[in-house]
Amino acid sequence: MPPFIVTDRKTDYLLPPSLDDWLNQDHLARFIVEVVDQLDLSNLIRQYAGRGSKAYHPATLLAILVYGYATGIFSSRKLERATYDSVAFRFIAAGSHPDHDTLATFRSRFLNELSDLFVQILEMAQEMKLLKLGNVCLDGTKIEANASRHRALSHGHIEKLEAQLKAEVQELFTWAEQADQADVLDGVSLPEEIKRREDRLAAMAVAKAKMAARAEERYQREKAEYDEKLARRAAREEATGKKSGGKPPKAPTPGPRDHDQINLTDEESRIMPVAGGGFEQAYNAQAGVDAATMLVVAVGVTQAPNDKEQVEPMLATLKAQAEVLGAVDCLIADTGFCSEKNIQACEAAGIEPLIAVARDEHHPGWRERHSEPAPLPENATPVQTLSHRLKTRAGRALYALRKQTVEPVFGIIKSVMGFRQFSLRGLKKVSGEWTLVCLAWNLKRMAGLRPQ
């Protein structure tokens, strides 16, 4: 008989097993525990009242959540189960087993505090000589909301449904008032049918009110932009003494539009076009990624499907973090972020903009790749200046960092970590969850960058 290694599961250990023997020294779970233990969690700890039964320490719950998001486990029930089944989670929880309610409540309760912890981890990356801000690549990606797009209704469709449901309610009341209800189908309860339609009408009335409030906000914003355009046009005509050419700006119209939509499950999410074609109920998640290390240094989430208005919020975030992390030299972004306003905002913030003006050809000629553009005219606009910079050798080399920096980060988060859909609902909560995702990515990346 060949000599096999005998597996004996019945003999007890002579000494209790040590947690330190459970994982390799370079394991991600061990690194996450070491980092979380060094964070300042006093802001979280202060919010515990100290009454009732003992609570799990925030460091333990945070480490479980971060390791879960880093390894593709986002459900609080699955995280609870992993504290029994997974050696890594048993190491993090030190043999304890926080239940799913505790994990879900902790995640929802401390979402606002994650931004501070996010910056603390970036500070730690600087102390470890893993991060030195210079060039930041900005991009956005669509992350599906925790809601089906089939639960979305447009304003025009709601009005059609309202007319249909009101007619059906009136018909049902007519049947109910008749002494002989022989025409009513077997198994049909008139009170239940009436109540079901009245409940739907009430829900649609609430949805229409919210859409009207959104439409009013949009109208006020568009009205301010319209007035500004008219004022600039009038000033230009007064300065030149000539009537401006082209069509005058179109005045915005108040009230909801037929195509305005609202989702009955997550009303703050929006239907957005996604890569590969089609539409999904989603949010637009933004990330600014350090080109040298692929660490995410700034995050944000917006309801807008395009990226045009996301440069200024990202600049504000980078400015707020500048005292701690240092200043950014250059902001690199694709053509979806390009506008004269964004270029001027970057220059006002002291950051060199490198934003694509238009889509480039995939296979330009070799002469074009190795030549310099013609000199700029003296009266060049900000967009022309930016376009010229992108055509220089240095500009092309710097812009090439974008595709190999931020897009791989999104790819790894979605395909390797498996984060394609938010677990939470509402803009504020999904913003916190996106911060948690990027925090987990940063720790995963730092573990790979640290010297072995």
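Read the figures in this text as sums done on the coordinates, not as results from a lab. On a predicted model such as this, the values are computed, not experimentally measured, just so you know. When we count neighbours, we look across all protein chains shown, and the Cβ atoms used for this are built from the backbone with ideal geometry, even at glycine.
With K and R counted +1 and D and E -1, the other residues having a Cβ less than 11 Å from that of Ala447 yield a net charge of +2. Once the chain from Gln384 to Ser339 is taken as fully extended at 0.36 nm per residue, the excess over their C-alpha distance is 15.1 nm. For the pair Val324 and Lys242 in one chain, pulling the backbone fully straight at 0.36 nm per residue adds 24.3 nm over the alpha carbon distance. In whole Å, what is the distance between the alpha-carbon centres of the range 4-48 and the range 375-444? Spelled out, the Cα-based centre of one part sits 35 Å from the other.
Please compute the Kirkwood hydrodynamic radius over the range 120-168, one decimal place, Å, based on all pairs of different Cα atoms. About 16.2 Å for the range 120-168. Across all C-alpha atoms in the range 131-283, the radius of gyration and Dmax reach 24.6, 83 Å.
Please report the spacing between the Cα centers of the range 55-78 and the range 293-331 in Å, no decimals. Using only Cα atoms, the two centres lie 26 Å from each other. Scanning the chain for DSSP H helices at least 30 Å long along the axis (C-alpha atoms) with a Kyte-Doolittle mean no lower than -0.5 picks out 427-449.
Over the chain, the Kirkwood radius and the radius of gyration, each from Cα atoms, give a ratio Rg/Rh of 1.08.
Can you figure out the FRET efficiency of Leu201 with Glu309, using R₀ = 30 Å and their beta-carbon distance, to the nearest 0.05? Efficiency computed from Cβ-Cβ geometry: 0.25. Projecting the alpha carbon convex hull of the range 58-180 along each direction and taking the average yields 15.3 nm². Computed on the Cα trace of the range 204-284, the radius of gyration divided by the Kirkwood hydrodynamic radius gives Rg/Rh = 1.16.
Charged neighbours of Arg196, selected by a Cβ distance under 15 Å, balance to -3 (K, R count +1; D, E count -1).
If you take the alpha carbon atoms of the range 278-323 and fit the smallest convex hull around them, that volume is 91 Å³ per residue.
Sequence-distant contacts, meaning Cα pairs under 8 Å at least 6 residues apart, place the relative contact order of the chain at 22 percent. Please go through the range 241-273 and write out the trypsin sites (Lys or Arg not before Pro) that DSSP classes as loop and that have at most 11 other C-beta atoms within 10 Å. For trypsin sites (Lys or Arg not before Pro) across the range 241-273 that sit outside H, G, I, E and B with at most 11 neighbouring Cβ atoms in 10 Å, the list reads Lys242, Lys243, Lys250.
Distance from the C-alpha centroid of the range 155-174 to that of the range 256-290: 28 Å, rounded to the whole angstrom.
Other residues with beta-carbon under 12 Å from the beta-carbon of Thr71 carry, at +1 per Lys or Arg and -1 per Asp or Glu, a net charge of +2.
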